[in-house]
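First up is the structure itself, then whatever we jot down about it.
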Amino acid sequence: GNSVTQMEGPVTLSEEAFLTINCTYTATGYPSLFWYVQYPGEGLQLLLKATKADDKGSNKGFEATYRKETTSFHLEKGSVQVSDSAVYFCALEGGGADGLTFGKGTHLIIQP
Amino acid sequence: EAGVAQSPRYKIIEKRQSVAFWCNPISGHATLYWYQQILGQGPKLLIQFQNNGVVDDSQLPKDRFSAERLKGVDSTLKIQPAKLEDSAVYLCASSVSTDTQYFGPGTRLTVL
């Protein structure tokens, strides 16, 4: 079946640091890949997505590239801000099922 | 555009009691999903509806959980009887078809 593995948290960084959150997946066929974010006290929001190999999703300074050869979709940001503190979920959709399969989430803490 | 609405936001019950959650998706969204998010984990799909028909309920514990979407709009998820391990946030999401899913704020259930 489908599965998503992402790095354990919490990840603590200083403001303006470079961020990478690793995500790898297992799926049949060619899934779509997503990063969702959950800010404190709020619901899940779509951050970015990519629907085919080599696509790059981007939003709010975050980027992730769909790497079929390494089955990865790592999230990156060049300079994080305190307001980026949240829980980030990597997810996939596909392989015959339309529901999302999520990773366990990575709690990101940005210190000023 | 109004988002996905869910109620109640919080519910505390004792084990063996029954509970129901309500979801109203974004207007025009034919597909509706219910997810269970246990603390420290990513959301897990319970059931997916396309209009008022069930597309996937393979991970729904059918001995105690039931869901319906009678008129193809809003939906109800019921647990009867509840167990301690059902303590979680229950998320509703909707999408136009199999595109981006939009999540509601969730209902936090505590079973004592």
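The values are calculated or read from the model by the stated rules, or taken from the named source; none is laboratory data. Predicted, not measured: the structure shown is a model, and the values here were computed from it. Methodologically, a virtual Cβ is constructed for each residue, glycine included, from the backbone with ideal geometry; neighbour enumeration extends over all protein chains shown. Surface areas here come from the heavy atoms of the whole protein model, side chains and all, with no ligands, DNA or RNA. Shrake-Rupley method; radii C 1.70, N 1.55, O 1.52, S 1.80 Å.
Which members of the stretch B:36-65 meet the condition of being in contact with a Lys or Arg (Cβ under 6 Å, 6 or more places away or on another chain) and modelled with pLDDT of 95 or more? Please lay out each step first, then the result.
If we filter the stretch B:36-65 for residues that are in contact with a Lys or Arg (Cβ under 6 Å, 6 or more places away or on another chain), which is where we start, we get B:36, B:41-42, B:49, B:52.
Within the stretch B:36-65, B:GLN36 is the sole residue that qualifies.
Exactly one residue among B:LYS62, B:LYS15 is open to solvent by 20 Å² or more (accessible area, probe 1.4 Å), more than 24 Å from A:GLY105 (Cα to Cα), among the basic types (Lys, Arg) and touching a residue at least 40 places away in the same chain (Cβ under 8 Å), and that residue is B:LYS15.
Kindly provide the set of residues from the stretch B:86-106 that are polar (S, T, N, Q) and facing chain A (nearest Cβ under 7 Å), ordered by number. Selection gives B:THR98, B:THR100, B:GLN101.
Criterion first (open to solvent by less than 10 Å² (accessible area, probe 1.4 Å), farther than 17 Å from A:LEU13 by Cβ and modelled with pLDDT of 95 or more) does A:TYR66 satisfy it? Give the steps one after another, and end with the answer.
Values: open to solvent by less than 10 Å² (accessible area, probe 1.4 Å): yes; farther than 17 Å from A:LEU13 by Cβ: yes; modelled with pLDDT of 95 or more: yes.
Yes, satisfied.
Against the criterion of being more than 12 Å from the chain's Cα centre (by Cα), within 14 Å of chain B (Cβ to nearest Cβ) and not β-branched (Val, Ile, Thr), A:TYR88 does not qualify.
Output the residues belonging to the stretch A:13-40 that are away from chain B (no Cβ under 13 Å) and farther than 15 Å from A:THR101 by Cα.
A:LEU13, A:SER14, A:GLU15, A:GLU16, A:ALA17, A:PHE18, A:LEU19, A:THR20, A:ILE21, A:ASN22
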